[in-house]
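Student: For reference, the structure I am asking about is given below.
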Amino acid sequence: MAAPFLRLGVNIDHVATLRNARDQGYPDPVRAAHAAIMAGADGITAHLREDRRHIRDADIDIIKREILAPLNFEIAATGEMIAIASRVRPHAACLVPEKRSERTTEGGLDVVGGHNHLAPVVRQLKGEGIRVSLFVEPEVEVMEAARSLEAPVVELHSGAFCEAYLAADEGLTAHELSRLRRAAEHGASIGLEIHAGHGLTFDTARMVAAIPEIVELNIGHFLICEAVFMGLGEAVRTMRAAMDEGRAGI
Ligand code: PXP
C-alpha cells in the first residue's frame, strides 16, 4: 500500500521572535502564515507560551480569523491555555511540556507520570471538537501511555535525532532514527495518528519522511532561518520537495 500523503505544518513562532525583538509590528507572523500557505504548507502551527516570548494572544486570534488552513495550537496543559483553546477553537491542539527556563521545548510530555493531570485535559479539548495531540518521546511504552489517555494523535519529538545528525554522529543518528521508526510503527498499530517535529531541516525531514506511518511534520525554526537567505516561500517549497523525495524513497 502506498504511504499516505505527508502534511507540512509551518511553525511561525520565530517570525514573532523577530517581531518582538524591536516590537514595531514587523515581521508580521500572520503575513508569514499567509506566505507559507501560498507556498504549499498544509497548516500553521503556533505555540502560545506562558511567558508570551514569541506568539501573543492577538496573533492567535488573527490567525484563526484570517487563515483558512488548519491551525495547530501548541500549548502547555494549564488552565489558562485550555481556556484560550476552548475560546479560539483551533483545528488542533498539541499539548507540550513547558519550562520557563528552556530556550525551546526540551523533551516530550510525561504521559505516564502526568496521566491523571492530562486525562481530563484531553477529554475537555476533545469535547470542544479540537483534535488533540501529545508531544512525546519516541518510545513504544509512551505510545501505550498516549493511547490510554485516549488522545487520537501523538507528535514524536525528533529533536534528539536532529541533534545527532547535526553532530555528524552516524551511529547515534541511526539509533535515533530507528527509535522514531519503532515508535511510529507501534503507535500506528494501536490506532494513533503519528506526527513528528522539532529541529527538522531539509536533510532530516527527508529522512523522517521515509517513515510511512508519519502523516504530518511540524517545522519552524529551520524554515524561518532559511527564509533569511531564500525567502519563506522558497524555503517552504524546498522543504515540501525534500519531504516528497523522502516519502517516495528517493
Ligand atoms: N512541534 C512541537 C511540539 C514544538 O514544540 C516545536 C517547537 O516549538 C516544533 C514542532 C517545531 O520545532 P522547530 O522550530 O525546531 O522546527
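Student: Taking just the C-alpha trace of the range 139-194, give me its Rg and Dmax in Å.
Tutor: 12.2, 37
Student: Given the peptides 62-72, 34-44, 10-20, arrange them by the average over their residues of other C-beta atoms within 10 Å, most packed first. Display every interim value, and only then the final one.
Tutor: On the way: 62-72: 16.7, 34-44: 20.2, 10-20: 22.7.
Ranked by mean Cβ neighbours within 10 Å, highest first: 10-20, 34-44, 62-72.
Student: Let me know the shape class of the range 95-135, please: from the alpha-carbon gyration tensor, a ≥ b ≥ c as square roots of the eigenvalues, rounded when a/c is under 1.5, otherwise prolate if a/b is greater than b/c, or oblate.
Tutor: Cα axes put the range 95-135 in the prolate bin.
Student: Which of the peptides 86-98, 131-143 is most tightly packed, and how do the rest follow, judged by the mean count of other Cβ atoms within 10 Å per residue? Before the final figure, lay out the partial values.
Tutor: On the way: 86-98: 20.5, 131-143: 22.1.
Answer by packing, highest mean first, reads 131-143, 86-98.
Student: Let me ask something else. What is the Cα coordinate range of the range 209-249 on the first, second and third principal axes, sorted by size from largest, in whole angstrom?
Tutor: In descending order, the Cα extents are 32, 16, 10 Å.
Student: Counting only protein heavy atoms, what percent of the accessible surface of the chain is carbon or sulfur at a 1.4 Å probe? Mind dumping the intermediate values first?
Tutor: Numbers: 6150 of 11240 Å².
C and S atoms contribute 55 percent here.
Student: Sort 218-227, 185-194 by the packing proxy (mean of other Cβ within 10 Å over each peptide's residues), most packed first. Kindly include the intermediate steps, with their values, before the conclusion.
Tutor: Details: 218-227: 21.5, 185-194: 17.6.
Highest mean packing first, the order is 218-227, 185-194.
Student: So how strong a dipole does the chain carry about its Cα centre when Lys and Arg Cβ are +1 and Asp and Glu Cβ are -1, to the nearest 20 debye?
Tutor: On the way: 26 positive and 36 negative charges, 142 e Å.
With Lys and Arg at +1 and Asp and Glu at -1, about 680 debye.
Student: Taking a ≥ b ≥ c as the square roots of the eigenvalues of the Cα gyration tensor of the range 145-250, is the shape rounded (a/c under 1.5), prolate (a/b larger than b/c) or oblate? Each step should come with its number before you reach the end.
Tutor: Values: a/c = 1.89, a/b = 1.51, b/c = 1.25.
Cα axes put the range 145-250 in the prolate bin.
Student: Divide the volume of the convex hull of the Cα atoms of the range 54-174 by its number of residues and quote the answer in cubic angstrom per residue. Show your work: numbers first, answer last.
Tutor: Details: hull volume 15.9 nm³, N = 121.
Roughly 131 Å³ of hull volume per residue.
Student: Something else about it: What's the long-distance tail for the range 1-119, i.e. % of Cα pairs beyond 22 Å? Spell out each step's value before the answer.
Tutor: Numbers: 2606 of 7021 pairs.
Counting pairs separated by more than 22 Å, the tail of P(r) holds 37 percent.
Student: Which number comes out as Rg/Rh for the chain once both Rg and the Kirkwood Rh are worked out on C-alpha atoms?
Tutor: Details: Rg = 17.0 Å, Rh = 18.0 Å.
Reported Rg/Rh (Cα atoms, Kirkwood Rh): 0.94.
Student: Let me ask something else about it. Find how many whole Å separate the alpha carbon centroid of the range 27-81 from the alpha carbon centroid of the range 123-143.
Tutor: 19
Student: Run the dipole for the range 2-111 about the Cα centre, Lys and Arg Cβ at +1, Asp and Glu Cβ at -1, nothing else charged, and hand back the magnitude in debye, nearest 20. Walk me through the intermediate numbers first.
Tutor: Values: 15 positive and 16 negative charges, 44 e Å.
My answer is approximately 220 debye.
Student: Something else now. Given Cα pairs under 8 Å that are at least 6 residues apart, what percent is the relative contact order of the chain?
Tutor: Here the relative contact order equals 20 percent.
Student: Please report, in debye to the nearest 20, how large the charge dipole of the range 116-250 is about its Cα centre when each Lys and Arg carries +1 at its beta carbon and each Asp and Glu carries -1 there. Intermediate values should be presented prior to the final figure.
Tutor: Details: 11 positive and 20 negative charges, 74 e Å.
That gives a dipole near 360 debye.
Student: Select from Met230, His186, Leu68 the residue farthest towards the positive end of the dipole of the chain; place +1 on Cβ of Lys and Arg, -1 on Cβ of Asp and Glu, and compute about the Cα centre.
Tutor: Sorting the options by dipole projection puts first Leu68.
The values are calculated or read from the model by the stated rules, or taken from the named source; none is laboratory data. Just so it is clear, the structure is predicted and the values come from calculations on it, not from any experiment. Reconstructed Cβ throughout: ideal geometry from the backbone, glycine too, with neighbour counts over all protein chains shown. SASA here: full protein model, heavy atoms, side chains in, ligands and nucleic acids out. Shrake-Rupley method; radii C 1.70, N 1.55, O 1.52, S 1.80 Å.
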